[in-house]
C-alpha cells in the first residue's frame, strides 16, 4: 500500500456549493484531474446540470464549475489505499483536509453535497466535530463512481438535480 494525496480544491471566492468526494482514484491521480476515470459519471452529470461536461477540456470544466458557484474538493488529504476503491482505504491512515480554513476563506458556501457514502461518512466522523457547521446544509448524493452500478445514469442525474435546484 502506498500513501496517496488528494488535489487542491477547485474553488473561488464566490462559491456557494461544495461537492466533496472521498479521495481520487488511480485514473484521477495519474491524470492529475478530478474524476478522470472514463466511466465515472461525474462530468457527464455536471455537464447536464451546469455545462461542465466531458467535451470541455479539464481547465474549462473547472472554470465552468466556478462560474456556477460550485467548489469541488475531497474530504481526505491523504491516506493509504491499495486500489481505487473507497473500501480499501486504511482508516488508521486518514488525514483530512483543513476545512476550518477552507470554510473561513469561502464564507458563502452553505450547501455541501457528498459524492457517495464514503465522503459523507468521513466528513461527519473526522471533520464535522472540528468545525463550526452552523448554517451548512449537508446532503449525500449517489456516487458517480463506476463501482456504484446499482443506479442508472438517469437515476443518478435525477438525484443530482438538487444541485441545480438551488
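Some points to look at:
- Candidates 31, 36 - the one that is more than 22 Å from residue 126 (Cα to Cα) and touching a helix residue (DSSP H, G or I) at 6+ places or on another chain (Cβ under 6 Å): 36
- Residue selected from segment 14-36 under the condition part of a loop (DSSP other than H, G, I, E, B) and modelled with pLDDT under 95, by the criterion nearest to the chain's Cα centre (by Cα): 22
- Every condition in (1) surrounded by 12 or more Cβ atoms within 10 Å (Cβ to Cβ); (2) more than 22 Å from residue 51 (Cβ to Cβ) holds for residue 142 except the one numbered (2).
- Residue ID - modelled with the highest pLDDT, chosen from residues in segment 140-166 that are over 23 Å from residue 28 (Cβ atoms) and touching a helix residue (DSSP H, G or I) at 6+ places or on another chain (Cβ under 8 Å): 161
- The set of residues from segment 80-109 being surrounded by 15 or more Cβ atoms within 10 Å (Cβ to Cβ), in contact with a strand residue (DSSP E or B) (Cβ under 8 Å, 6 or more places away or on another chain) and at pLDDT 80 or above comprises 94, 96, 97, 102, 106, 109.
- Test for residue 74: is it surrounded by fewer than 17 Cβ atoms within 10 Å (Cβ to Cβ) and either modelled with pLDDT of 95 or more or over 19 Å from residue 142 (Cβ atoms) (or both): no
- The residue pairs whose first member lies in segment 1-24 and is more than 19 Å from residue 141 (Cβ to Cβ), whose second member is surrounded by 14 or more Cβ atoms within 10 Å (Cβ to Cβ), and whose beta carbons are closer than 6 Å, counting only pairs six or more residues apart or on different chains, are 1/80; 3/78; 3/80; 4/81; 5/78; 12/66; 14/69.
The values are calculated or read from the model by the stated rules, or taken from the named source; none is laboratory data. Predicted model, so just to flag it, every value in this text is computed and none were measured. Every residue, glycine among them, receives a Cβ derived from its backbone with ideal geometry; neighbour counts consider all protein chains shown.
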